[in-house]
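Chemist: First the structure, then my questions, so here it is.
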């Protein structure tokens, strides 16, 4: 299956006489290989699908490796598992949302979500709801969210007297993320 993803800066939409729409995108020259793949994809008569959204900077793979290095060191000091420390870091410094689920569906919901915990209960219109806090895994984080998580992990390391990279090195790493480093 041919598939491509490209970044564009702007575009325009015009309406044809028959009522259909034509979408034109302005794509930077750095996307040439994506354009070549797109051209191949557009050359057949099959129905295509496109999704357009604002581009978020992805967090750096170096950031993820560094986070897991520190999580492993914390787990060793606390004599805990990396997964337990990771969940603790998500709870303290990660991204989360609270959802309300009708009581009879709460256990099924919790089994289908990797990182969650009970957050309370409420009755509404004769139904009993469980509130469940759901934590987003760091693989879904953008650069800002990953920076917050790593800052939190670093602060936990300092409390445990675990050495980390210097603040200057950390800022340099964050600067690389903001520059679009993968």
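Chemist: Just give me the residues in segment 92-103 being surrounded by 14 or more Cβ atoms within 10 Å (Cβ to Cβ) and closer than 29 Å to residue 66 by Cα, in sequence order.
Modeler: 93, 94, 95, 96 - these are the residues of segment 92-103 that are surrounded by 14 or more Cβ atoms within 10 Å (Cβ to Cβ) and closer than 29 Å to residue 66 by Cα.
Chemist: Six or more apart or on different chains, Cβ under 7 Å: which pairs go from a residue in segment 144-158 that's closer than 23 Å to residue 76 by Cβ to one that's surrounded by fewer than 16 Cβ atoms within 10 Å (Cβ to Cβ)? Could you list them?
Modeler: 152/92
Chemist: Count, please, the residues in segment 104-137 that happen to be farther than 29 Å from residue 153 by Cα and surrounded by 13 or more Cβ atoms within 10 Å (Cβ to Cβ). Walk me through it before giving the result.
Modeler: Here is the first cut: in segment 104-137, the residues farther than 29 Å from residue 153 by Cα are 104-108, 121-130.
Then drop every residue that is not surrounded by 13 or more Cβ atoms within 10 Å (Cβ to Cβ), which leaves 106, 129-130.
So the count comes out to 3.
A quick yes/no check of all residues on (1) assigned to a loop (DSSP other than H, G, I, E, B); (2) touching a strand residue (DSSP E or B) at 6+ places or on another chain (Cβ under 8 Å):
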residue	(1), (2)
4	yes, no
19	yes, no
23	no, yes
76	no, no
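Chemist: Among the numbered criteria (1) more than 27 Å from residue 159 (Cβ to Cβ); (2) in contact with a helix residue (DSSP H, G or I) (Cβ under 6 Å, 6 or more places away or on another chain); (3) not in a strand (DSSP E or B), which one does residue 35 miss?
Modeler: The number of the failed condition is (2).
Chemist: Okay, next question. Taking the residues in segment 35-62 that are surrounded by 15 or more Cβ atoms within 10 Å (Cβ to Cβ) and modelled with pLDDT under 80 as candidates, determine which candidate is nearest to residue 9 (Cα to Cα).
Modeler: It comes out as 57.
The values are calculated or read from the model by the stated rules, or taken from the named source; none is laboratory data. Fair warning: this is a prediction, and the values are worked out from it, not measured in the lab. We place every Cβ from the backbone using ideal geometry, glycine too, and count neighbours over all the protein chains shown.
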